[in-house]
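Here you go, one structure.
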Ligand code: SF4
Ligand code: SF4
């Protein structure tokens, strides 16, 4: 065990079994560990206490409307592409009580949600997911309106990132400048080699989680092997997206016939927005008990593909699927930039994989560009 801890920016090597000591240190520090696990024939994020719960030796084959688990034939800890879960589900829960109102004598008493937000340690966050969290930070913390629930969860989150060495067939984070190398906002970032992890220190807090871990500084050989794996991943992206002047392309083609074509295929099922790590639309529901004396206001995820989402007095602003798909794609890749100074897409490929009819936004953009 080294007596001094490494500093942010330095890279160390640990043996693979030593990752359990990092888990133990996070647990002792009071974090709830959330990591990839095998559930319901997919790799999703859930609470864990041991590295044995990671999907060791598993990967997934992805494609448009296609996801199948496969055994890798090795003992890789993080050798799989992104599954349907996102960290959004923990920082911005799909259902959250905002406040409750109860009858109190002749009046009413309002009580805000004062639940203490959990301290999460996110294990295995990919570069595209770090980029997605940064986008949601802009929306919920850095914009004109702040979401205190998101902010409280985000401020306490510990991030153990993983440089992606296994992009899926639907991935295009390299095109979006969002991956596969982790470059921002992590406490620790590891690259998996066959028999060890190379770990980059991102913060003093991250370094402290190595207190009970046997580590040594990474040498040129390990750094070279780690770098090569990330470069290989970049060259193996299943998709590319030409991002040149996307706002101009989309704003100039609002009546393009391709919108009719995609509307014929889209089911308006909302899957693409629910699996997207950046989509943030929500609705409010007021739920009363049977006595009528107590009501809760709850925030739930919504989707621009829901007909009711754009219903206003007098009718629907987007009365058909053509209008809804066009709104989604144009917001993601054009008006999001006007609003938040960044694209709303990080190229994770989830919306392609989990679209039941395999609609692929990279294909839609290419078609509009070709025919424009
Ligand atoms: S739009 Fe699709 S590819 Fe882009 S971030 Fe959302 S889910 Fe990922
Ligand atoms: S694009 Fe696909 S996932 Fe999105 S609403 Fe249409 S059918 Fe559903």
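The values are calculated or read from the model by the stated rules, or taken from the named source; none is laboratory data. These numbers come from a predicted model, not from an experiment. Cβ sites come from the backbone with ideal geometry, for glycine too, and all protein chains shown count toward neighbours.
Matching residues to (1) over 20 Å from residue 174 (Cα atoms); (2) within 13 Å of ligand 2 (Cβ to nearest atom); (3) in the same structural domain as residue 136 (by TED's automatic domain parsing):
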residue	(1), (2), (3)
262	yes, yes, no
293	yes, no, no
297	yes, no, no
308	yes, no, no
332	no, yes, no
336	no, no, no
340	yes, no, no
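Within the range 247-258, can one find any residue that is within 14 Å of ligand 2 (Cβ to nearest atom), in contact with a helix residue (DSSP H, G or I) (Cβ under 9 Å, 6 or more places away or on another chain) and modelled with pLDDT of 95 or more?
Taking the range 247-258 as the starting set, the residues that turn out to be within 14 Å of ligand 2 (Cβ to nearest atom) are 258.
Remaining after also requiring in contact with a helix residue (DSSP H, G or I) (Cβ under 9 Å, 6 or more places away or on another chain): 258.
So of that shortlist, the ones also modelled with pLDDT of 95 or more come out as 258.
Yes, the range 247-258 contains a residue that is within 14 Å of ligand 2 (Cβ to nearest atom), in contact with a helix residue (DSSP H, G or I) (Cβ under 9 Å, 6 or more places away or on another chain) and modelled with pLDDT of 95 or more.
Please state which one of 330, 342 is buried (at least 16 other Cβ atoms within 10 Å of the Cβ), within 21 Å of the chain's Cα centre (by Cα), in a helix (DSSP H, G or I) and more than 10 Å from ligand 1 (Cβ to nearest atom). Break it down into steps so the answer makes sense when it comes.
Values: 342 fails: in a helix (DSSP H, G or I).
Just one listed residue meets the conditions, 330.
A further question follows. Does any residue of the range 146-158 turn out to be surrounded by 16 or more Cβ atoms within 10 Å (Cβ to Cβ) and closer than 21 Å to residue 235 by Cβ?
The answer is no, given that none of the residues of the range 146-158 is surrounded by 16 or more Cβ atoms within 10 Å (Cβ to Cβ) and closer than 21 Å to residue 235 by Cβ.
Just to check your reading of the model, which residue among 352, 368 is within 14 Å of ligand 1 (Cβ to nearest atom) and either buried (at least 21 other Cβ atoms within 10 Å of the Cβ) or modelled with pLDDT of 95 or more (or both)? Break it down stepwise before answering.
Working: 368 fails: within 14 Å of ligand 1 (Cβ to nearest atom).
Exactly one of 352, 368 is within 14 Å of ligand 1 (Cβ to nearest atom) and either buried (at least 21 other Cβ atoms within 10 Å of the Cβ) or modelled with pLDDT of 95 or more (or both), namely 352.
A further question follows. Kindly state which strands (runs of 3 or more DSSP E) lie completely within the range 1-94 and contain at least 2 residues that are over 30 Å from residue 270 (Cβ atoms), in contact with a helix residue (DSSP H, G or I) (Cβ under 9 Å, 6 or more places away or on another chain) and without any contact (Cβ under 8 Å) to a residue 60 or more places away in the chain. Write out each step before concluding.
Values: elements: 11-15, 32-39, 42-47, 58-63, 66-71.
Passing ranges: none, list empty.
While we're here: Could we say that residue 190 is closer than 21 Å to residue 336 by Cβ, buried (at least 20 other Cβ atoms within 10 Å of the Cβ), under 25 Å from the mean Cα position of the chain (by Cα) and modelled with pLDDT of 95 or more here?
Values: closer than 21 Å to residue 336 by Cβ: no; buried (at least 20 other Cβ atoms within 10 Å of the Cβ): yes; under 25 Å from the mean Cα position of the chain (by Cα): yes; modelled with pLDDT of 95 or more: yes.
Against the criterion (closer than 21 Å to residue 336 by Cβ, buried (at least 20 other Cβ atoms within 10 Å of the Cβ), under 25 Å from the mean Cα position of the chain (by Cα) and modelled with pLDDT of 95 or more), residue 190 does not qualify.
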